[in-house]
1. Working only within segment 142-158, note down all residues that are assigned to a loop (DSSP other than H, G, I, E, B) and under 13 Å from Ile105 (Cβ atoms).
2. So, in segment 25-62, of the ones that are of a type in the set (Lys, Arg) and under 12 Å from Leu85 (Cα atoms), which residue ends up modelled with the lowest pLDDT?
3. Quick check on Ala90: is it in contact (Cβ under 8 Å) with a residue 24 or more places away in the chain and in a loop (DSSP other than H, G, I, E, B)?
4. Among the residues of segment 90-117, write down those that are within 18 Å of the chain's Cα centre (by Cα) and surrounded by 12 or more Cβ atoms within 10 Å (Cβ to Cβ).
5. Of the residues in segment 104-132, how many are assigned to a strand (DSSP E or B) and modelled with pLDDT under 90?
6. Among (1) in contact (Cβ under 8 Å) with a residue 40 or more places away in the chain; (2) in a helix (DSSP H, G or I), where does Leu85 come up short?
Amino acid sequence: MTKWFKVGKIVNTHGIRGEVRVISTTDFEEERYASGAELYIEHPALPEMTRVIVETHRKHKNFDLLTFEGYSNISEVEKFKGGLLKVSEAALGELEEGEFYYHEIIGCQVYTEEGRELGKIKEVLSPGANDVWVIQSKEGGKDILIPYIDDVVKDVNITDKIVTIELLEGLI
């Protein structure tokens, strides 16, 4: 059984020439949205996942704008609105040491170096220079935002789903 991983969500169409507006959830936009790249669209209104080939990609404001081969006008891509863009597990490449896929990080338990359990990572944000990991606090209350930088994240054990951090002043 093939495992699928979300790389973006089609939130709207853009213009009349078949372009779609995507909110990306991948760190590898250049690779995922390269001309000729294979993606699959999962949408509740479609009977099965639809295979598409990226024709063009460009950035516009905070969105990625994509066109797909064989889809040249708005009426052909309208049905994709709200759909998720996915890649198969086989399309995931090998990462460098210290790099992780979002799906590997989400769900990890987070502990301080002193052994205090803070909670579980529920989301990864990519606002700018570095990712921010959103931790659902074990004690309830507000989520904890941890920047993914060497000064804070000390160890990531994907196998055991445990992340160890140095709790710098002001993070909680």
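1. Tyr148, Ile158
2. Filtering first and then ranking leaves Arg32.
3. No; evaluated as a whole, the condition is false for this residue.
4. Ala91, Leu92, Leu95, Phe100, Tyr101, Tyr102, His103, Glu104, Ile105, Ile106, Cys108
5. Within segment 104-132, residues that are assigned to a strand (DSSP E or B) and modelled with pLDDT under 90 number 4.
6. If we test Leu85 against (1) in contact (Cβ under 8 Å) with a residue 40 or more places away in the chain; (2) in a helix (DSSP H, G or I), just (2) comes out false.
The values are calculated or read from the model by the stated rules, or taken from the named source; none is laboratory data. The model shown is predicted, which means the values in this text are computed figures rather than measured ones. Cβ coordinates were reconstructed from backbone atoms using ideal geometry, including for glycine residues, and neighbour counts include every protein chain displayed.
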